[in-house]
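One structure is given here, and the rest of the page talks about it.
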Amino acid sequence: MNATRENPRVSVNKLGQYLTGTPSLRKRIIHGQKNPVDPQFLRYPAAAQAIVEYLCEGRDEVILRYHQRRLLNAAPESDFDAHRLALCAEALQRCLVSVEGLASHAVASPADVELPPLEVAGVAVSVRPEVLLRSVDAQGQMRSGLLKLYFSKHTPLDERAGQYISTVLLHYAEERLEQRGPVDPRLVGVFDVFAGKLHFAPRARQRRMNDVKLACEEIAARWDVN
């Protein structure tokens with residue numbers, strides 16, 4: 001287990017769940033964000049890296065199939081490792097059947113992992129998008145966007161959670177990508193890998209950002225009692 005975080009922090013995916021969750025789920029999310037697991041126990045980094053490689057290097061299904069075989073043939077070091085490898089391979093299989101058309105009109109490149117979190121109402125919101133997207137519009141102007149990956153086999157994003165996450169992504173993109181050209185909301189979204197669904201940023205977002213601010217105020221207020 002990593003050291004307890006002193007300052008309020010939440011990942012954007014967990015924030016989406018928080019905004020639509022029950023009181024007990026919200027409490028568990030705060031506890032989990034305050035007491036993060038050791039990175040070695042994270043389940044999906046290998047799957048995320050394979051999907052990013054697929055999107056950024058020609059969108060050839062061979063890339064996903066190669067990594068799927070590699071994961072299935074790897075020798076696990078523990079029962080947890082065996083479960084992790086199987087989950088990652090399954091995630092890539094789900095991706096194979098649903099990835100057609102995913103940002104197919106945009107040029108993808110790995111997002112800058114050094115971008116700082118988004119500060120909202122005293123909470124550091126860790127966005128960490130996996131992919132930067134760029135496309136040329138009908139007027140020949142370069143547009144930019146961001147793609148976030150979401151992994152959960154048993155807890156798919158509902159429409160509301162997906163829209164909250166993509167709204168935060170859009171706000172983040174407009175703050176961080178100005179030097180790369182105007183942000184296109186059609187290039188900003190979160191891809192639920194197991195569900196095979198892409199949630200785009202909605203046009204109307206002021207109310208959702210107000211909800212995000214209120215949720216962060218609540219997280220900050222409850223941080224020291226969870």
Probe 1.4 Å, heavy atoms of protein chains only: per residue, the accessible area of region 114-226 in Å² is 48 Å²
Using the Kirkwood radius over Cα pairs, work out the Stokes-Einstein diffusion coefficient for region 77-141 at 37 °C and 0.692 mPa s, in µm²/s as a whole number. 212 µm²/s
Starting from the exponent 0.38 and prefactor 2.2 Å, build the expected Rg for region 1-119 from its residue count and divide its actual Cα Rg by it. 1.25
Value of D in µm² per second that Stokes-Einstein yields for the chain, Kirkwood Rh from Cα pairs, at 37 °C (0.692 mPa s): 180 µm²/s
Members of Lys34/Lys148; Lys14/Lys213; Lys148/Lys197; Lys153/Lys197; Lys34/Lys153; Lys27/Lys148 lying beyond 18 Å, as alpha-carbon distances in this model show: Lys34/Lys148; Lys34/Lys153; Lys27/Lys148
Mind listing the Cα extents of region 77-208 along all three principal axes, in Å, largest one first? 50, 38, 29
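Assuming a ≥ b ≥ c are the square roots of the Cα gyration tensor eigenvalues, decide whether region 159-226 counts as rounded (a/c under 1.5), prolate (otherwise, with a/b larger than b/c) or oblate.
Cα axes put region 159-226 in the oblate bin.
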Rounded if a/c is under 1.5, else prolate if a/b is larger than b/c, else oblate: which is region 1-53, with a ≥ b ≥ c the root eigenvalues of its Cα gyration tensor? oblate
How far apart, in nm, are two points set 7 Å out from the Cα along the Cα-to-Cβ line at Phe80 and at Arg203? 4.7 nm
Residue-averaged 222 nm ellipticity for the chain, from DSSP H runs of 4+ at -39500 (n - 2.57), nearest 500: -14500 deg cm²/dmol
Say we join alpha carbon atoms closer than 10 Å with springs in a Gaussian network model of the chain; which of Ala124, Ala138, Ala46 then has the biggest fluctuation? Ala138
Under 5 Å from the placed amide H of Leu149, counting only residues 5+ away or on other chains, we find Glu130, Phe191
Give me the extension gain from Arg222 to Ser126: residue separation times 0.36 nm, minus the current Cα-Cα distance, reported in nm with one decimal. 32.7 nm
Choose one answer from Pro23, Pro185, Pro156: the residue with the largest mean-square fluctuation in a GNM of the chain with alpha-carbon springs under 10 Å. Pro23
What spacing in nm lies between the two simple spin-label points modelled at Glu6 and Arg70, each 7 Å away from Cα in the Cβ direction? 4.0 nm
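The values are calculated or read from the model by the stated rules, or taken from the named source; none is laboratory data. Because the structure is a prediction, the values reported are computed rather than measured. Using ideal geometry, Cβ is built from the backbone for each residue, glycine included, and neighbour counts are taken over all protein chains shown. The protein model used for the area step is the full one, side chains on, heavy atoms only, and it has no ligands, DNA or RNA in it. Shrake-Rupley method; radii C 1.70, N 1.55, O 1.52, S 1.80 Å.
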